[in-house]
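The values are calculated or read from the model by the stated rules, or taken from the named source; none is laboratory data. Treat the numbers as computed from the prediction; the structure is a model and nothing was measured. Don't worry about glycine lacking a Cβ; one is built from the backbone with ideal geometry, like all the others, and counts go over all protein chains shown. Surface accessibility is based on the protein's heavy atoms, side chains included, excluding ligands, DNA and RNA. Shrake-Rupley method; radii C 1.70, N 1.55, O 1.52, S 1.80 Å.
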Amino acid sequence: MQRRGGPHESNDDWRGGGRSRRPALEGAEKKPGEELWGWLFVSPMLLGVTVLVLLPIVATFVLSLADWNFVQGWDGIKWIGLDNFDKLLRDDLFLRSVRNNVIFLLAVPVYMAISMILAVVIDRHVYMKGFFKVAYFMPYISNIVAVAVVWQVLFHPSNGPVNQMLRALGFSQPPGWLADPNYALPSIMLIVVWTSIGFNLILYMAGLQSIPRDLYEAAEIDGASGWVRFARITVPLLSPTSFFLLVTGVISTFKVFDIIAVTTQGGPIGSTSMMVWYLYDTAFVNLKVGYASSIAVVLFAFVLLITLGQWAAQKKWVNY
């Protein structure tokens, strides 16, 4: 039988029960030593980040104000203020490396556009999609040394398959490619485009899966052509993916090193020298650690400013 005044009794019981349960919950939230165990679990990661990332960054900024050859030891450090940065402004090879890096940025929109078009074609008009995903992704996951050696053989000025084919087509003097100062940088850009298409293709195909098919069907009913559907639906709705690939692509172009080290070593006559390659050559060949640190600081500033600019501009063209 239900008692009268049941609601009042239940409220009192609830309030009483709440008072009785609250200390138990608070005790469950803060167990003795729980915070200590949390710090112990994350301490290996924090130690690695501190030793391998944070300390080198701080040391780079500090050493950029010094003239130091590390072979001389700590006693050989000579503090010179901003003289390293003043020398950079008058260093022709450094300025050429910066110019090459700026030109190298053109590879990013090229392989992004190719990847987007290939993703749309494979996603909608091609059978065996898995095969083409793997085929295009293989160059990206292949060893960069092996890739560079293969392209060196292909681009060989005398016996390379590319120039032999051009001679068969009637070109009497085909380009020297990696051996020609005028073609060496475009050749490196071509290799990077070829290796980067696979990664961008996979992400674009993943982005295409999130676009509702109803939008394309409605546009087709309204009489929109294939180009209009691509320009007004596909491109805007893939803009978050494009923004991610643009940011990571720009950063990767400023970090390009391995393909340069294997193929040209910055030559011929500095035509493929990049900022990271010049930094490496200055620090570990010429042993000018202070001057190399100033190059690293300038590189950091370039990447930071370009990334911040991209984040500011993405509000106008990225559709979430």
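Ile306: open to solvent by 30 Å² or more (accessible area, probe 1.4 Å) and outside any helix (DSSP H, G or I), yes or no? Let's see the steps before the verdict.
Numbers: open to solvent by 30 Å² or more (accessible area, probe 1.4 Å): yes; outside any helix (DSSP H, G or I): no.
Taking the combined requirement at face value, the residue does not satisfy it.
Name the single residue, out of those in the range 309-320 being outside any helix (DSSP H, G or I) and not aliphatic (A, V, I, L, M), that is surrounded by the most Cβ atoms within 10 Å (Cβ to Cβ). Outline the logic, then answer.
So in the range 309-320, the residues outside any helix (DSSP H, G or I) come out as 318-320.
From what's left, not aliphatic (A, V, I, L, M): 319-320.
Working: Asn319: 10, Tyr320: 7.
By that ranking, first place goes to Asn319.
Confirm whether Ala296 is on the phi < 0 side of the Ramachandran plot, surrounded by fewer than 19 Cβ atoms within 10 Å (Cβ to Cβ) and small (Gly, Ala, Ser). Full working, then the answer.
Working: on the phi < 0 side of the Ramachandran plot: yes; surrounded by fewer than 19 Cβ atoms within 10 Å (Cβ to Cβ): no; small (Gly, Ala, Ser): yes.
Answer is no for this residue.
State which residue is least open to solvent (accessible area, probe 1.4 Å) when the search covers only the range 135-154 and only residues that are β-branched (Val, Ile, Thr) and touching a helix residue (DSSP H, G or I) at 6+ places or on another chain (Cβ under 9 Å). Before you say what the answer is, go through the steps one by one.
Taking the range 135-154 first, the residues β-branched (Val, Ile, Thr) are 141, 144-145, 147, 149-150, 153.
Those left that are additionally touching a helix residue (DSSP H, G or I) at 6+ places or on another chain (Cβ under 9 Å): 141, 144-145, 147, 149, 153.
Working: Ile141: 99, Ile144: 49, Val145: 72, Val147: 10, Val149: 69, Val153: 87 Å².
Out of the qualifying residues, it is Val147.
Mind checking whether some residue in the range 91-104 is open to solvent by 90 Å² or more (accessible area, probe 1.4 Å), farther than 30 Å from Pro240 by Cβ and not acidic (Asp, Glu)?
For the range 91-104, residues open to solvent by 90 Å² or more (accessible area, probe 1.4 Å), farther than 30 Å from Pro240 by Cβ and not acidic (Asp, Glu): present.
Filter the range 274-291 down to residues that are part of a loop (DSSP other than H, G, I, E, B) and either of a type in the set (Ser, Thr, Tyr) or crowded, with 19+ Cβ neighbours inside 10 Å (or both) and give me whichever is farthest from the chain's Cα centre (by Cα). Working first, answer last.
Taking the range 274-291 as the starting set, the residues that turn out to be part of a loop (DSSP other than H, G, I, E, B) are 274, 286-288.
If we keep only those that are either of a type in the set (Ser, Thr, Tyr) or crowded, with 19+ Cβ neighbours inside 10 Å (or both) as well, we get 274, 288.
Numbers: Met274: 16, Lys288: 28 Å.
Checked the range 274-291; the qualifying residue farthest from the chain's Cα centre (by Cα) is Lys288.
Identify, please: which residue in the range 80-90 is without any contact (Cβ under 8 Å) to a residue 60 or more places away in the chain and more than 28 Å from the chain's Cα centre (by Cα) and is, among those, most open to solvent (accessible area, probe 1.4 Å)?
So the first thing to find is which residues in the range 80-90 are without any contact (Cβ under 8 Å) to a residue 60 or more places away in the chain, and the list is 81-83, 86, 89-90.
Checking which are more than 28 Å from the chain's Cα centre (by Cα) leaves us with 81-83, 86, 90.
Numbers: Gly81: 33, Leu82: 120, Asp83: 79, Asp86: 76, Arg90: 155 Å².
The selected residue is Arg90.
Among the residues of the range 242-265, count how many are in contact (Cβ under 8 Å) with a residue 24 or more places away in the chain and either open to solvent by less than 30 Å² (accessible area, probe 1.4 Å) or in a loop (DSSP other than H, G, I, E, B) (or both).
Number satisfying all stated conditions: 13.
Return the residues of the range 197-233 that are closer than 30 Å to Ile259 by Cα and either open to solvent by 20 Å² or more (accessible area, probe 1.4 Å) or of a type outside the set (Gly, Ala, Ser) (or both); say none if nothing qualifies. If you could, list the steps in order and put the result at the bottom.
Quick first cut of the range 197-233, residues closer than 30 Å to Ile259 by Cα only: 197-207.
Hits for the range 197-233 are Ile197, Phe199, Asn200, Leu201, Ile202, Leu203, Tyr204, Met205, Ala206.
Is it the case that Pro157 is outside any helix (DSSP H, G or I), open to solvent by less than 30 Å² (accessible area, probe 1.4 Å) and of a type outside the set (Lys, Arg)? Explain how you work it out, then say what you get.
Details: outside any helix (DSSP H, G or I): yes; open to solvent by less than 30 Å² (accessible area, probe 1.4 Å): no; of a type outside the set (Lys, Arg): yes.
In short, no.
Identify all residues within the range 59-77 that are hydrophobic (A, V, I, L, M, F, W, C) and surrounded by 11 or more Cβ atoms within 10 Å (Cβ to Cβ); write none if there are none. If you could, list the steps in order and put the result at the bottom.
At the first step, the residues of the range 59-77 found to be hydrophobic (A, V, I, L, M, F, W, C) are 59, 61-63, 65-66, 68, 70-71, 74, 77.
Answer for the range 59-77, where residues must be hydrophobic (A, V, I, L, M, F, W, C) and surrounded by 11 or more Cβ atoms within 10 Å (Cβ to Cβ): Ala59, Phe61, Val62, Leu63, Leu65, Ala66, Trp68, Phe70, Ile77.
Identify all residues within the range 269-320 that are small (Gly, Ala, Ser) and without any contact (Cβ under 8 Å) to a residue 12 or more places away in the chain; write none if there are none. Spell out the reasoning first.
Going residue by residue through the range 269-320, those that are small (Gly, Ala, Ser) are 270-271, 273, 283, 290, 292-294, 296, 301, 309, 312-313.
Ala283, Ala301, Gly309, Ala312, Ala313, listed by residue number.
Inspect all residues belonging to the range 166-182 and state whether any of them is under 28 Å from the mean Cα position of the chain (by Cα) and free of Cβ contacts under 8 Å to residues at least 12 places away in the same chain.
no
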